[in-house]
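Worksheet for the structure shown next.
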Amino acid sequence: MRSISLPMYFLPEIAAANSALYDELRNRLARQGFDAATIQFDGGRASVPDGIEPNVLFTQICGYPLFKRFRSQGRMLATPCYNFAGCEGPTHRAYFIVRSDDPANSLEDLRGRIFGCNSLVSNSGMNLPRLSLAHIADGKPFFSAVVMTGGHMLSLDHLRERKIDVCSIDNVTWGFFQKHRKADSAQFRILDETVASPSLPFVTSSETSEKQAQLLTEALFEAFEDPSTLHIRNALEISSLEVPDIAAYEQLALYEEQARQLGYPEII
């Protein structure tokens, strides 16, 4: 069986849109000669997986682990352009989020506080904020502790429960959170933001043949250009797709070296 999954922004409020996109892709691939009976939707895939398994036909993954750890396991198909603030074309960024009642006015005010991290291989949860902090850490530990939360939404839970003082959330997650849980989002505020980076790409396993990858890419772009899918695209807040910029994704892996040169190789 080949799997299709959309694990990165799998909020219950957009589950129906994710399923609708799956149906669109599956139907279009079937018309191109794929055996639709062998394609299934994987609703339980982790947002930060251990790798890209050979059976993965389509998924979305963070660009940092893709280029740092999984590069030989997958090939990029397209980069989505999101509608949320902080996204410029096929880019996104991370926001440093604190509680709305936190007195901090700048990142420097968080020195010695507790940071919540969704994953040490997350671009928005670790890589981008590490680079921001490297410029002010003076080569010393910045936080008193780093708590691993397991997910961006879990980081917000930890923040609300005062188990941590700050976390770094990608602006697309934050955009969906504000859109669908406006009252809850009022408990938090954006303290600062990171540099922009390429949005999370859609990928397929490296075991997918070149011909199949081409057909999959064509089906994907056609689905996002079809007027009949506008309601799906609006629900997913995706305005369009672009061909991935390999050099831009390679830069994500170089941010680690920049942080190291500044004396801050780990987010501590």
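The values are calculated or read from the model by the stated rules, or taken from the named source; none is laboratory data. Here the structure is a predicted model, which is why all the values come from computation and not from measurement. Neighbour counts are summed over all protein chains in view; Cβ atoms, including those assigned to glycine, are modelled from backbone coordinates with ideal geometry. Side chains included, ligands, DNA and RNA excluded: accessible areas come from the protein's heavy atoms. Shrake-Rupley method; radii C 1.70, N 1.55, O 1.52, S 1.80 Å.
Tell me which residues, restricted to region 142-173, are open to solvent by less than 40 Å² (accessible area, probe 1.4 Å), in contact with a Leu (Cβ under 9 Å, 6 or more places away or on another chain) and not polar (S, T, N, Q).
Phe142, Phe143, Asp165, Val166, Cys167, Ile169, Asp170, Val172
Here is a check on your reading of the model: is Phe115 buried (at least 20 other Cβ atoms within 10 Å of the Cβ) and modelled with pLDDT of 95 or more?
yes
For region 189-245: of the residues being open to solvent by 40 Å² or more (accessible area, probe 1.4 Å) and touching a Phe, Trp or Tyr at 6+ places or on another chain (Cβ under 6 Å), which is nearest to Tyr95 (Cα to Cα)?
Taking the candidates together, the pick is Glu193.
Yes or no, residue by residue, for (1) exposed (fewer than 14 other Cβ atoms within 10 Å of the Cβ); (2) aromatic (Phe, Trp, Tyr); (3) touching a Phe, Trp or Tyr at 6+ places or on another chain (Cβ under 7 Å):
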position	(1), (2), (3)
Phe10	no, yes, no
Ala16	yes, no, no
Ala20	no, no, no
Glu24	no, no, no
Ala30	no, no, no
Ala37	yes, no, no
Gln40	no, no, no
Gly44	yes, no, no
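Only helices (runs of 4 or more DSSP H) wholly contained in region 102-215 count here; list those with 1 or more residues that are under 30 Å from Pro54 (Cα atoms), in contact (Cβ under 8 Å) with a residue 60 or more places away in the chain and among the β-branched types (Val, Ile, Thr).
The qualifying helices (runs of 4 or more DSSP H) are 171-180.
When only residues in region 46-99 that are of a type in the set (Gly, Ala, Ser) and in contact with a strand residue (DSSP E or B) (Cβ under 8 Å, 6 or more places away or on another chain) count, which is surrounded by the fewest Cβ atoms within 10 Å (Cβ to Cβ)?
Taking the candidates together, the pick is Gly89.
Just to verify a result, which residue in region 249-267, among those that are open to solvent by 30 Å² or more (accessible area, probe 1.4 Å) and of a type in the set (A, V, I, L, M), is nearest to Trp174 (Cα to Cα)?
Top of the filtered list is Ala253.
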